[in-house]
1. Under 18 Å Cα to Cα from A:K125, which lysines show up? Leave out anything in the same chain fewer than 8 places away.
2. Using only the Cα atoms, work out Rg/Rh for chain A, with Rh taken as the Kirkwood radius, to two decimals.
3. Among A:C262, A:C159, rank each residue by its count of other Cβ atoms within 10 Å, from fewest to most, as a rough exposure measure.
4. List the trypsin sites (Lys or Arg not before Pro) within the stretch A:129-215 that fall in a DSSP loop (any state other than H, G, I, E or B) and whose Cβ has at most 13 other Cβ atoms within 10 Å.
5. Whose amide H sits under 5 Å from the amide H of A:R55, counting only residues 5 or more places off or on another chain, with H placed in the peptide plane?
6. Give me Rg over Rh for the stretch A:152-284, both radii from the alpha carbons and Rh done the Kirkwood way, two decimal places.
7. What order do you get for A:E6, A:E144, A:E258 when you list them from fewest to most C-beta neighbours inside 10 Å?
8. Mind checking which helices in chain A clear 24 Å along their axis (Cα) and have mean Kyte-Doolittle hydropathy of 0.5 or more, DSSP H runs only?
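Where a number appears in this text, it was derived from the coordinates with a stated rule and is not lab data. Keep in mind that this is a model prediction, so the values were computed, not measured. Neighbour counts run over all protein chains shown; Cβ positions are idealised from the backbone, glycine included.
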Amino acid sequence: MPELPEVETVRRGLQPAMEGARIAAVDLRRADLRFPFQPDFAARLAGQRILGLGRRAKYLMADLASGDVLMMHLGMSGSFRVGTMPIGEFHHPRNDELVHDHVVLKMANGTTVTYNDPRRFGFMKVVARAALDDEPLLKGLGPEPLGNAFDAQALAAACAGKTVSLKAALLDQRIVAGLGNIYVAEALYRAGLSPKRRASTLATRGGAPTAHAVRLVEAIREVLNEAIAVGGSTLRDHRQPDGNLGYFQHSFRVYDHEGAPCTMPGCGGTIRRFAQHGRSTFWCAKCQK
DNA sequence: ACCTCGACCTGCAAGC
DNA sequence: TGCTTGCAGGTCGAGG
């Protein structure tokens, strides 16, 4: 799924249809996604005006006039459509994809916002805004990688003493929130750091950031900003709500590039793939140390 | 407390 | 052609 740049792209695409609009009714097409919908889920949405649509990590957060917040997570294969028109110039939904339309928000102005998720790893949940600080799903989340709280100091402190690999640390949403398998690979490559390196090597014994930590923070910020600027990455499942494809997949330098030559100037290595923590890691062993 | 691994689900592509 | 296998952008909870 959708990592931070894709979720942010979805947020921006949904904003015009959702912000300021009122939810007239909610059509729940099944009782559960990753877990069951709350019994009062639809009732708490019906009739509510959406004041704003935000994002925290990979969660979309719709602020409702009632004081509730609708949290939405796209899992691995979740996506939205606005309206009933075929989505975009590149893609027309097939009938067998419509069976995965699980939630339809019927807005008072007549438009519909449809959540589709074949694998159903995504979910939605309503939480009182006043209770957000105690929300278990948000509680342990680390800083936003594009926010002020995320810097080399913070990354080093979070990694200090960690015996896990750098790859595992960056995928850990408690350390930094929003990265996934693609952008971790791309950031580590740009920073010239091995995914196998121990996370603790980003900090000195005193816990201060090393030069590696500084480089990595810059690489993370850079790759996320570039991806957001072009609408995220489009793999087989994901597309923007307006149907347009993201373009960042054309800018992948290592992810899904097994066997390709390393493009770092003067490197001459080859991009390799191996399994790490049950997921594919792509990297160049020659220039990532 | 840490860390690893399996589980959750469907669809697609590659291999036989 | 059809079957089987492995893989996919995430995360949680059980177990070591």
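1. Candidates past the 8-residue exclusion: A:K58, A:K106, A:K139.
2. For chain A, the value is 1.00.
3. By the 10 Å Cβ count, ascending, the order reads A:C262, A:C159.
4. Working: sites: A:R129, A:K139, A:K162, A:K167, A:R174, A:R190, A:K196, A:R197, A:R198, A:R205, A:R215; in loops: A:K162, A:R174, A:K196, A:R197, A:R205.
Passing sites in the stretch A:129-215 are A:R174, A:R205.
5. Answer set, sorted by chain and number: A:M61.
6. My calculation puts Rg/Rh at 0.98.
7. A:E258, A:E144, A:E6
8. Helices meeting the span and hydropathy rule in chain A are A:211-229.
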